[in-house]
1. Sort 143, 493, 266 by Cβ crowding within 10 Å, fewest neighbours at the top.
2. Residue separation times 0.36 nm, minus the C-alpha to C-alpha distance between residue 363 and residue 521: what's the value?
3. Set the Förster distance to 51 Å, then compute FRET efficiency between residue 613 and residue 475 from the Cβ-Cβ distance, nearest 0.05.
4. Counting other beta carbons within 10 Å of each residue's own, what order do 232, 562, 107 fall into, fewest first?
5. Each label point is 7 Å from the Cα along the Cα-to-Cβ direction; what then is the distance between the points at residue 176 and residue 659, in nm?
6. For a label point 7 Å from the Cα of residue 52 along Cα→C-beta, name the residues of the range 224-248 whose backbone N is under 16 Å from it.
7. What is the extension gain from residue 45 to residue 32, computed as 0.36 nm multiplied by their sequence separation minus the C-alpha to C-alpha distance, in nm to one decimal?
8. Relative to the compact globular guide of 2.2 N^0.38 Å, what is the alpha carbon radius of gyration of the range 27-102, as a ratio?
């Protein structure tokens, strides 16, 4: 497995592990202690101002010392309520449980004071677990007091796992009915519910309570208020909360303040009332939003791991931690709480895991690659660092450094080899930019070709008339680097030089096409030789034939007809010799342009042309078709002329009254379907010494008294035609004479036209 694939797999596994860890931490509140600590610190940055319409009257140590041991006579509470009522408070909350009866006179006095005030609220209490399998038992105020109170509500305290009071329930479901919080009743005071209460999704929903600074509410001692040492303007229009603050009365609770300590139940009640008025309770975000908020930074970091360098990943990780905390603070200022613990766990988990797995993968990859280099044997074995005291990665890094040194040497060797090539060479990448060039082409086009666009380079080296063919060749190489296309392209440069370009794909170790290497061969000398050769061929085909034609034209003036006939034969033989030579020389230069030809018909046509000559020598020619009308892909003119050369020889050397058999048949070859044309005569046959080299040039002239007294170019032409058509020709002596065999590939069946 290559390094990239392994890293991607391990990246996916780490991402999956981190996602599961974050989701579990979110749903199971595994980071609640940390989240609470962060909440306490963030909430202490900006606390709301205390509500100056709330007055706390505390049953403190001084009051207990002056009035006496708790519980007090209810008449004392009645006297305080009377004094407060005379000053016109908005509400009076007597935050003291009064569920048991006292003396009738004292109870009656308190009832009368409450009725006279008309603004007194009393708490009720819940005991858990309840009796008879109930979740709660409700402890109501004394019935007469309950009837006299303006409202009764719950004052239950909700503790977090660490025992600190951060949350409040504005509604409590006892199983029998739902009770609003006593602070909610004070807020209403007979009017509409608070927005916070109306927005509750369910009665058990907790709201985070924003605490004002500790001891910031106006407060006086119970004994001072009872003895009249309180001005009426301090009471008028305010909500009065009477509660216990003395240490021994058990109504003090730990609150989320950085300095520690406890706050009284009455101060908690004051904060609840103030929050209801400000409507700034802090709601915890839904679980799905917390999950999304927690997963987002982790996934951002995981995606960054695929592209960032390690240093960038570390910096981004630290920035994400800070961003999570800042985002939590911003959300808290908007009265929404996103616990950051799960998000921080995701970041803190995936960063070291990814670093560890990446280091492990790199170590394994280096070990594998170094071993592979040694096994390939292209460089000398790589020695590990002899210092065994260093760690594995250190030793592998040393070995990798050694391998890099060897590869540098190898690269230098390759560079020097390319530099000293006798022909111009350059390399381009997949976008057509020159990445390497040797000095041969730089001598021709100028230095510093690296970085040059291929199009610009070709503009300078290829003449406009050949530019299209070069571009088509390069496009074919690019489309199919290893496909079946022309092996080279030939062109002329603007200065008249002739070049051949060969291009080959450059592939990496994974067989991925990454560029092309281009070789240029200067064939100007060869082009000049070809030009000279063409002039020689022109001399043979025109300048040598023209005098012979003139001789034939003058023959009618020769009085001796026998001499005239002999001169004409030699002249025409010279013309045929020149034509054979030119045709053989040019046959390899022109492209093959074949068409489907019925071989038997072509044999008939050639035979018909030789009918007068055969009649003159009383030779009978028989054409037999055993090929089932087989077709060959052929050039009719050249193939017909080749058959004519064989048939001409057969007629010349057949005895008077002899016969020639021309037969076509289908041959089932191992590799392909073939058609064979056989021409057999009844002549003396061919000398055995001449048979192996009969189709070479001038073979007949090298053998004295040979059957064929000619230049030897006719049969050379036959062999060239056979090879041009993908076939072969040979000769053998039969019982009566010679048999020439011309075997050609059968034409492929035509593809049917779908529209037909």
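Each value in this text was obtained by applying a stated rule to the coordinates, not by laboratory testing. Keep in mind it's a predicted model, so treat the numbers as computed, not measured. Positions of Cβ are backbone-derived with ideal geometry, glycine not excepted, and every protein chain shown enters the neighbour counts.
1. Exposure proxy ranking, most exposed first: 143, 493, 266.
2. Computed gain between residue 363 and residue 521 is 52.2 nm.
3. Computed FRET efficiency for residue 613 and residue 475: 0.40.
4. With the sparsest Cβ surroundings first, the list reads 562, 232, 107.
5. Result for the modelled spin labels: 13.6 nm.
6. Once the point is set 7 Å along Cα→Cβ of residue 52, 233-239 turn out to lie under 16 Å by backbone N, inside the range 224-248.
7. Result for the pair: 2.7 nm of gain on full extension.
8. Normalised Cα radius of gyration, the range 27-102: 1.74.
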